[in-house]
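Have a look at the structure below before the remarks.
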Amino acid sequence: MAQFKYVALDAYGKKNQGVIDADDEKDAKAAVRALKLTPLKITSMTGLNGDIDIHFGKKVATRDLSVFCNQAVSMLNAGIPVVDTLDMLSEQTENRYMKEALIECKESIEQGDSFGVAMKKRKDIFPPMLISMVEAGEASGSLEVALGRMAQQFEKDAKLAGMVKKAMVYPIIVVIVAIAVVIVMLTSVVPTFMSMFADMDIEMPKLTLMVMGASDWMQHHVVLILVIVAAVYIGFTAFKRSEFGKYFLGGLALKIPAIRNFVEKSNASRFARTMSTLTAAGVGMPDALEITSNTMSNVLFRDALMTTRDEIMKGTPLSVPLRASGLFPDMVTHMAKIGEETGKLEEMLNKMADYYDEEVEVATQALLTAMEPVIILVLALIVGVLIGAVMMPMLSLYNGLDNI
């Protein structure tokens, strides 16, 4: 199946353009007509005329969703109908995936669907939480409030994701630098120095011989090294995405103190913020827990919330299964219990979310502080071994000259 860029007219004579998947140009025209559009031009997106679209991860970033919600709230509060709001937002957005989804939502609403139902047709773009909030907002007549809450939610999620990336960027950069240093040393520096001693009658230290052997092997097996690196990366990625891998890595993260602290607080923050947003919009507790479970970064927390959902449906208070899971901090269970007893669960969840947002920042800094000396020590050890392998023959040579 190929991609085709189309230019078409809608029922009002307005020009639309986008990208559609089809087997050939004929199917592409039929697909455009299925969108209630009249095709004017269909162009196959080849490497020469297609847009360069290198995309990793999600099609629509969390910040894009936040901007969409904020703009939609402003327009709806100004009295602009939902259909016109989606039309204007589709023209403004730069993300082509979001643009296509908004156009399809507008057309679906024009055909009689509700906004929530229209969004469900594009679950690949709109997350379940946003769909549930829109449906709850439509049912209660407070769509603007629901979208406003989601804008705040997405902003908080983006901030939390940014802190997680911040915790990962430093060690990744250092590891890349360390690998680059090793490669340069073994393929360039070490051979240059070793060639100086090749014709000299010097007994090479064992460390130097080992490094020379590694250098020689690396220079003659570059393709094999690249294949191994690629295989390790692909294998680890597949392992990380497998169910066994998710549970193994999720459990491992909770066994390392510094990482456990970060994982607990980041998941507690996401749980409290998401539950607060959903319950405030009138989403039922079981549905809110199911949606929230899908936002957890650790599979063990996801399972704990699904178990909590099952217990809630049996009539068990929220705080009981949360405490029984042994994963959430004590403050979460205490605040949840107080909220249930006082009838102010939403308020308690809000306070928890604010508290753990700050705690995640502290945990991120603590994790970075804990990793820095370990990373520096490992890097110093690697570089030290290579430098030692180069310097030891030189010291042997100097000692031999002194004994003459």
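The values are calculated or read from the model by the stated rules, or taken from the named source; none is laboratory data. All values derive from a computational prediction rather than experimental measurement. Don't worry about glycine lacking a Cβ; one is built from the backbone with ideal geometry, like all the others, and counts go over all protein chains shown.
Restricting to segment 372-386, and then to whatever is aliphatic (A, V, I, L, M) and surrounded by 13 or more Cβ atoms within 10 Å (Cβ to Cβ), can you tell me which residue is nearest to VAL169 (Cα to Cα)?
ILE375
Search segment 21-38 for residues being of a type in the set (Asp, Glu) and part of a helix (DSSP H, G or I), and hand back the single one that is surrounded by the most Cβ atoms within 10 Å (Cβ to Cβ). Explain how you work it out, then say what you get.
We begin by selecting, within segment 21-38, every residue of a type in the set (Asp, Glu); these are 21, 23-25, 27.
Still in the list and also part of a helix (DSSP H, G or I): 25, 27.
Numbers: GLU25: 14, ASP27: 16.
The qualifying residue surrounded by the most Cβ atoms within 10 Å (Cβ to Cβ) is ASP27.
Tell me, which helices (runs of 4 or more DSSP H) lie completely within segment 222-330 with 1 or more residues that are touching a residue at least 40 places away in the same chain (Cβ under 8 Å)?
Fully inside segment 222-330 and qualifying: 243-253, 257-280, 285-293, 299-313.
Just checking, which of ALA389, ALA363, ALA370 is within 21 Å of ALA304 (Cβ to Cβ), at pLDDT below 80 and either part of a helix (DSSP H, G or I) or assigned by TED's automatic domain parsing to the domain that holds LEU318 (or both)? Let's see the steps before the verdict.
Working: ALA389 fails: within 21 Å of ALA304 (Cβ to Cβ); ALA370 fails: within 21 Å of ALA304 (Cβ to Cβ).
After ruling out the rest, the residue left standing is ALA363.
Of the residues VAL164, VAL177, which is closer than 30 Å to LEU305 by Cα and not charged (D, E, K, R)?
VAL164
Under 27 Å from GLY384 (Cα atoms), surrounded by 10 or more Cβ atoms within 10 Å (Cβ to Cβ) and not aromatic (Phe, Trp, Tyr), is that true of GLY213?
In short, yes.
Say we look at segment 136-176 and pick out the residues that are of a type outside the set (A, V, I, L, M, F, W, C) and exposed (fewer than 14 other Cβ atoms within 10 Å of the Cβ); which of these is modelled with the highest pLDDT?
GLY141
For segment 104-120, which residues satisfy the criterion of being among the charged types (D, E, K, R) and free of Cβ contacts under 8 Å to residues at least 12 places away in the same chain? Working first, answer last.
First, the residues of segment 104-120 that are among the charged types (D, E, K, R): 104, 106-107, 110, 113, 120.
Within segment 104-120, ASP113, LYS120 meet the criteria.
Please specify each residue of segment 153-193 satisfying the condition of being free of Cβ contacts under 8 Å to residues at least 12 places away in the same chain and within 30 Å of SER132 (Cα to Cα).
Of everything in segment 153-193, those that are free of Cβ contacts under 8 Å to residues at least 12 places away in the same chain and within 30 Å of SER132 (Cα to Cα) turn out to be GLY162, LYS165.
Go through segment 112-121 and count every residue that is buried (at least 18 other Cβ atoms within 10 Å of the Cβ) and in contact with a Cys (Cβ under 9 Å, 6 or more places away or on another chain).
The qualifying residues number 3.
Checking ASN49 against (1) in a loop (DSSP other than H, G, I, E, B); (2) more than 26 Å from the chain's Cα centre (by Cα); (3) surrounded by 11 or more Cβ atoms within 10 Å (Cβ to Cβ); (4) modelled with pLDDT under 70, only one condition comes out false. Which one?
(3)
Only one residue in ALA101, ALA136 is closer than 16 Å to GLY282 by Cβ, touching a residue at least 24 places away in the same chain (Cβ under 8 Å) and not assigned by TED's automatic domain parsing to the domain that holds ALA353, so which one is that?
ALA136 is the lone residue from the list that is closer than 16 Å to GLY282 by Cβ, touching a residue at least 24 places away in the same chain (Cβ under 8 Å) and not assigned by TED's automatic domain parsing to the domain that holds ALA353.
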